[in-house]
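Some notes on the structure that comes next.
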Amino acid sequence: MRKYSIIVVFSLFFPLISFLNQSRAKSSEEPTVLSNIHYSQESDYTRIIIDLNNPSAYNEKHLSNPERIYLDINNTSLSGNIRPLQVDNSVLKQVRAAQHDNDTVRVVLELSHSADYKVYTLKSPDRLIVDIYSEKPVKESNVKETPPINNYSNKASPQLIVIDPGHGGKDPGAKGKHGLQEKDVVLDVGHRLRQLVEDKLGAKVIMTREDDVFIPLGE
C-alpha cells in the first residue's frame with residue numbers, strides 16, 4: 001500500500017507544480033495597460049505623460065510630411081477608449097493612441113514643425129515621457145542684432161535676474177581638503193555677482209537665499 005501511496009502523491013504533485021509554473025509565466029507575461037495620456041506646458045518644452053501600469057519596452061521614430069513622432073509600446077493594451085489629446089501650441093498639435101495590433105499600442109504626436117525631443121521612462125508610478133522642445137529655428141532674415149550689454153539699463157522695464165546659490169544649511173555640497181564648503185563659496189560668489197549685475201546692468205536681482213539656509217527644491 002505504501003508504494004501505491006507514494007505513486008499517487010507524485011502523480012498529484014507534478015501536475016500541481018506544472019500548473020503553478022504556467023500560472024507564474026502567464027502572470028509575468030500579462031500585458032501592460034495604457035490608462036491615460038496627459039501633458040504639462042513649460043516655458044521651453046511640452047511634456048507628454050503616458051501612464052502605464054507596468055514598465056514596457058518601446059520603439060520611437062520621427063517622420064516627416066507631415067511632421068510627427070510615433071511610439072510603439074510593446075506588449076501593451078489600451079484601457080478603454082483613449083480620446084485624442086488636443087494641445088495646439090507652437091509645436092505640438094495633437095496626441096492620439098490606438099491599438100496597432102494585438103500586442104502593440106501606437107501613440108502618435110502630431111507636430112506643426114520639426115522639433116527636438118527626448119523620450120524616457122519614469123517609475124513609481126510607471127510612465128513613458130516625451131519632452132518636445134519648442135524653440136524654432138530662426139531664419140537669417142529675422143535675426144536681430146543683440147544690443148550692447150550696457151543698454152539694458154536704458155530700458156523702460158528693468159531686467160529681473162534670479163541668482164540661485166546652491167546647497168546651504170544642512171546641505172554643504174562638496175567639501176575641500178581644508179574644510180572649505182561649496183555652500184559658502186557659491187553664496188559668496190552669488191553676493192558678488194548680484195553687486196556686479198546691479199552696478200553694470202542696472203537690473204533687479206533676487207537671491208534665492210541670502211544666508212546659510214537650506215531651501216527645499218519645491219520652494
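The values are calculated or read from the model by the stated rules, or taken from the named source; none is laboratory data. Remember, it's a predicted structure, so these values are computed and weren't measured experimentally. Reconstructed Cβ throughout: ideal geometry from the backbone, glycine too, with neighbour counts over all protein chains shown. Protein only, heavy atoms only, side chains kept; ligands, DNA and RNA dropped before computing areas. Shrake-Rupley method; radii C 1.70, N 1.55, O 1.52, S 1.80 Å.
In the range 193-219, the residues that are farther than 19 Å from LYS183 by Cβ form Cβ pairs under 6 Å with partners that are assigned to a loop (DSSP other than H, G, I, E, B), at six or more places apart or across chains, as follows: VAL197/ALA203; ALA203/PRO158; ALA203/GLN159; LYS204/PRO158. When the residues of the range 174-216 are filtered to those that are among the polar types (S, T, N, Q) and under 32 Å from the mean Cα position of the chain (by Cα), which remaining residue is surrounded by the most Cβ atoms within 10 Å (Cβ to Cβ)? Out of the qualifying residues, it is GLN181. Taking the criterion of being within 23 Å of SER43 (Cα to Cα) and open to solvent by 60 Å² or more (accessible area, probe 1.4 Å), the only residue of the range 63-83 that qualifies is ARG68. Applying the condition of being open to solvent by less than 60 Å² (accessible area, probe 1.4 Å) and either of a type in the set (Asp, Glu) or within 14 Å of ASN59 (Cα to Cα) (or both) to the range 110-133 and asking which residue is farthest from the chain's Cα centre (by Cα) yields GLU110. Being under 19 Å from VAL108 (Cβ atoms) and within 15 Å of the chain's Cα centre (by Cα) is the requirement here; does TYR39 meet it? Criteria met by TYR39.
Please verify whether the range 135-143 includes one or more residues that are open to solvent by less than 60 Å² (accessible area, probe 1.4 Å) and at pLDDT 55 or above. The answer is no, given that none of the residues of the range 135-143 is open to solvent by less than 60 Å² (accessible area, probe 1.4 Å) and at pLDDT 55 or above. VAL162 meets the conditions (1) at pLDDT below 95; (2) more than 30 Å from GLY202 (Cβ to Cβ); (3) part of a strand (DSSP E or B) in every case but one. The failed one is (2).
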